[in-house]
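Everything on this sheet refers to the single structure shown next.
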Amino acid sequence: MQIKPLKQNWFNLLNELEADLSISETIFRELIAAYTDVSRHYHDLDHVWHLLTLAESTEDIAEYPSAIKLAAWFHDYVYDSQAQDNEIKSAVYAEETLSRLNLDRDLTDLVKQIILSTQKHQPMLNSIDNLLFLDLDLSILGASGDRYFKYAQNIRKEYSWLRDRDYQMGRKRVLTNFLNRDKIYYTAYFNRKLEQQARANLAREIELYTLLV
């Protein structure tokens, strides 16, 4: 992922929000450093850019599009595949950083809650923005077969510390939980576009692990 379009997106967003730009470059560098860590194979800058692009294309659905874009930037700031509190730490960092940028408190709280909701991928707020961001974050599940396969490979790389059998059993549980939902996607927009393909992708990956295990 090229840094230039990301940087333009970042500063355009902060300008729109009339943020304190004196520390914006420093924060941008912190974000880039986090998402380019060598341990990242899926939760990286490409993922951030994909969400930002989707956020742009669904602005007419959102109530506060800027909250969704900020959540895209901050939601995976902390990512350690061996930890259980990544979302909490990312939300805390977002809250502290957005406060440093002198952004509106209500906006900051909304971004924080959206990020926390990604821990279980269930909305914590009765908000279209919360629902929409969860769908954006899971949009990869409804990708084409080849792209989904690449995503699955990259997730495996992020869990390279696990033995194959342990990974396959854990991954199968996660995917089965999504497949057992009444709906994978909360919004009509994503449900209509991606639900069927996502279910097919999940079923194929689960079948693969069933055969292997």
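The values are calculated or read from the model by the stated rules, or taken from the named source; none is laboratory data. Because the structure is a prediction, the values reported are computed rather than measured. As a convention, Cβ positions derive from the backbone with ideal geometry for all residues, glycine included, and neighbour counts pool all protein chains shown.
Taken over segment 77-96, the criterion of being in a helix (DSSP H, G or I) and closer than 12 Å to Leu116 by Cα is satisfied by Asn86, Glu87, Ile88, Lys89, Ser90, Ala91, Val92, Tyr93, Ala94, Glu95. Quick one: in segment 161-173, which of the residues that are hydrophobic (A, V, I, L, M, F, W, C) and surrounded by 13 or more Cβ atoms within 10 Å (Cβ to Cβ) is modelled with the highest pLDDT? Filtering segment 161-173 for residues that are hydrophobic (A, V, I, L, M, F, W, C) and surrounded by 13 or more Cβ atoms within 10 Å (Cβ to Cβ), the one modelled with the highest pLDDT comes out as Leu162.
Under the condition of being surrounded by fewer than 17 Cβ atoms within 10 Å (Cβ to Cβ), in a helix (DSSP H, G or I) and either touching a strand residue (DSSP E or B) at 6+ places or on another chain (Cβ under 7 Å) or of a type in the set (A, V, I, L, M, F, W, C) (or both), the residues counted in segment 33-51 number 1.
Check segment 88-109 and report whether any residue there is closer than 16 Å to Ala62 by Cα and touching a His at 6+ places or on another chain (Cβ under 8 Å). No, because not a single residue in segment 88-109 is closer than 16 Å to Ala62 by Cα and touching a His at 6+ places or on another chain (Cβ under 8 Å). Could you give every pair whose Cβ atoms fall below 9 Å, whose first residue belongs to segment 24-51 and is under 13 Å from Trp73 (Cβ atoms), and whose second residue is among the basic types (Lys, Arg) and part of a helix (DSSP H, G or I), counting only separations of at least 6 or pairs across chains? Going by the 9 Å Cβ cut-off, the qualifying pairs are Ile27/Arg100; Phe28/Lys7; Ile32/Lys7; Leu51/Lys69.
Results for (1) part of a helix (DSSP H, G or I); (2) under 19 Å from the mean Cα position of the chain (by Cα); (3) at pLDDT below 95; (4) farther than 24 Å from Pro65 by Cβ, shown as yes or no for each residue.
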{"site": "Gln113", "(1), (2), (3), (4)": "yes, yes, no, no"}
{"site": "Leu116", "(1), (2), (3), (4)": "yes, yes, no, no"}
{"site": "Gln119", "(1), (2), (3), (4)": "no, yes, no, no"}
{"site": "Ile140", "(1), (2), (3), (4)": "yes, yes, no, no"}
{"site": "Phe149", "(1), (2), (3), (4)": "yes, yes, no, yes"}
{"site": "Gln153", "(1), (2), (3), (4)": "yes, yes, no, yes"}
{"site": "Phe178", "(1), (2), (3), (4)": "yes, yes, no, yes"}
{"site": "Leu202", "(1), (2), (3), (4)": "yes, yes, no, yes"}
